[in-house]
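These notes concern the structure reproduced below.
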Amino acid sequence: MSETLLETPLADEHRALGARLVPFAGWRMPVQYEGIKKEHEAVRTRAGLFDVSHMGEILVEGPNAIAEVDRLVTNDVSKLDVGRALYTVCCNDYGLILDDLIVYRLEAEKVLVVCNASNREKIVAHFAKSLDLGTPWNDVSDEWTLLALQGPRAVDVMKELGATADLIGLPSFHVMHANIAEVELWAARTGYTGEDGFELFCANEDAVRLWRAVLEAGQKHGLKPVGLGARDTLRLEARLMLYGHDINEHTHPFEAGLGWVVKLDANDFIGREALRGIKASGFDRKLVGFEMTERGIARQGYPIIVGGSRVGEVTSGSPGPTVGRNIGLGYVPKALSKVGTTLGIEIRGKVVGAVVVRTPFYKR
Amino acid sequence: MTYPRDLQYTREHEWARLEGDVIRVGITAYAVEQLGDVTLVDMPAPGEDVQAHERFGDIESVKTVSELFAPVSGEVVDVNAALESSPELVNEGPYEDGWLITIRPSDQAELDGLMDAAKYEEYLGTLDG
């Protein structure tokens, strides 16, 4: 049975640009326009514009907004100043990952939580169940459009659009209110590509106007529209997690290498006791980056083989267009997680050589 | 999209062209569009036997892996060695430099069981939407 797919306000813009639209997390989204490699390269060397309106956005407001969100995530939101953002995970009582999120403190009493499209219903239900009854919150995913402008020339494109000095100079993981192309929006210096860039949150009715304005301003800077295909290769090279692949409800943040977003000594949060226990008793596997040393491309679910036995599983894998090698992530026993360790990846019945490497695979 | 009239087509989006006593095989422009940038092609070695409508190899794009199906049974005569270092040839010219293998058919009549261009275009029409 096929369910009805949601479309962003920009679906017709994507079609007009020749995009191939595919089902993704309940949405019909552009996977590519011109081709994944060309789009990937545009973001690494110039700039790319993504429609990521499928992402979920939840606004939490009121005097307790900060304390309430803090209780739901592992990172320390209590120290988040107005105009700043942080990356975090949200765990269940067992310390297992429900989603990874970016939390933005838009105003003193207004917090924006951005979650994955695939987890929106789950996270909204979790918030509904866990937030204090007196704390107003609202799932604004259906009213908000999210564009990501990413790449070394993103800042030039913003200048072209008449961005103020404040906006041009907005530091990483900061957010501010702005007006671009006569569109009121929230502009954040965040992204999911490993490049400099901005994420722009605007009302759906302004989506087409903003999209067209950015594309036009970007023309002389080599900006291309970029689909979810290149978004995946870009994030993988930068070792950014993809929920449902590298992390899920069977993984905890420590084994995923996300211990840095777990603040056990800050205020209490859901999952803290369990995570304390995991940290105290230790854990036996780790998410590692590897590159293929023989001909082959690892894909999610392929077994990792060492000494003839299955020791783990690939969680993400693809060619890395910038690094020029076939790369991947996977969980292996700690003893096999050191850089330089030889691994085998079982590709359609044949074991192909790979080696554990330092991550990120690509750093700007 | 229109498809070359001198080729026969499979439901799995391979094309076949009779050239003397061998059949050249590749994938169609439709398949190329669905795959995106081709990054790796796994093919049999010359001399190996392939069976009609059975898998003879795999083709990988940045995003995904697809199986390749033989349009006819027979022995692999030649494989396109250029694809080893330049898999993008499949994207650039799926009917020319991006061909995959040639087969010496065990029964040339199997070609007649494939679709001609008009039938293939009609078939593609049933896949969309």
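The values are calculated or read from the model by the stated rules, or taken from the named source; none is laboratory data. Quick caveat, the model's predicted, so the values are computed rather than measured. Note: ideal-geometry Cβ built from the backbone for every residue, glycine included; neighbour counts use all protein chains shown. What goes into the accessible areas is simple: the full protein's heavy atoms, side chains included, and nothing from ligands, DNA or RNA. Shrake-Rupley method; radii C 1.70, N 1.55, O 1.52, S 1.80 Å.
A Förster radius of 30 Å combined with the Cβ-Cβ distance from residue A:177 to residue A:78 puts the calculated FRET efficiency at roughly 0.85. Charge dipole of region B:8-105 (Cα centre as origin; +1 on each Lys and Arg Cβ, -1 on each Asp and Glu Cβ, all else neutral): 260 debye, rounded to the nearest 20.
Checking the a/c ratio against 1.5 first, then a/b against b/c, what shape does the Cα gyration tensor give for chain A? Judged from the Cα gyration tensor, chain A comes out oblate (a/c at least 1.5, b/c at or above a/b).
The sum of -39500 (n - 2.57) across all DSSP H runs of n ≥ 4, divided by the residue count of chain A, sets its helix-only mean residue ellipticity at 222 nm to -6000 deg cm²/dmol. Here's the picture: a label point sits 7 Å out from the Cα of residue A:94 along the beta-carbon direction, and within region A:239-261 the residues with their amide nitrogen under 18 Å of it are A:244-256.
The orientation-averaged projected area of the convex hull spanned by the Cα atoms of region A:284-357 comes to 4.3 nm². What net charge is computed for the residues neighbouring residue A:142, neighbours being all others with C-beta under 12 Å from the C-beta of residue A:142, Lys and Arg scored +1, Asp and Glu -1? For residues surrounding residue A:142, the net value is -3.
Here the convex hull built on the C-alpha positions of region A:56-138 has a volume of 76 cubic angstrom per residue. Say a paramagnetic label sat at a point 7 Å from the Cα of residue B:64, along Cα to Cβ; which residues of region B:1-30 have their backbone N under 18 Å from it? Label zone hits: B:10-15, B:27-30. Cβ-Cβ distance of residue B:48 and residue A:4, R₀ of 60 Å, FRET efficiency by 1/(1 + (r/R0)^6): the value works out to about 0.85. Qualifying GluC sites (Glu not before Pro) in region A:268-298, where qualification requires a DSSP coil assignment and no more than 16 other C-beta atoms within 10 Å, comprise A:294. Note on B:33-39: average number of Cβ atoms from other chains within 10 Å of each residue's Cβ is 5.
Relative contact order of region A:56-138: what whole-number percent is it, with Cα pairs under 8 angstrom and at least 6 residues apart?
Once normalised by length, the contact order is 37 percent.
For the chain pair A and B, the buried solvent-accessible surface (1.4 Å probe, both sides summed) amounts to about 1500 Å². Using a simple spin-label model with pseudo-atoms 7 Å out from Cα toward Cβ, residue A:20 and residue A:294 lie 3.0 nm apart. Pairs exceeding a 19 Å alpha-carbon distance, out of A:38/A:224; A:159/A:220; A:79/A:279; A:37/A:224; A:363/B:63: A:79/A:279; A:363/B:63. Annotation for residue A:267 and residue A:142: the two label points, set 7 Å from Cα along the Cα-Cβ direction, are 3.1 nm apart.
Answer rounded, prolate or oblate for region A:189-325, using the Cα gyration tensor with square roots of eigenvalues a ≥ b ≥ c: rounded when a/c is under 1.5, else prolate when a/b is larger than b/c, else oblate.
Oblate.
Between region A:124-188 and region B:86-123, the alpha-carbon centres lie 49 Å apart. For region A:5-14, backbone phi angles converted through the Karplus equation (6.51, -1.76, 1.60; θ = phi - 60°) give residue-by-residue couplings of 8, 7, 10, 7, x, 9, 4, 5, 5, 5 Hz, Gly and Pro being listed as x.
Take the Cα of residue A:325, step 7 Å toward its Cβ, do the same at residue A:274, and the gap between the two points is 3.6 nm.
Please say if chain B is rounded, prolate or oblate, where rounded means a/c under 1.5 for a ≥ b ≥ c the square roots of the C-alpha gyration tensor eigenvalues, and otherwise the choice is prolate for a/b larger than b/c and oblate otherwise? Note, shape of chain B comes out oblate.
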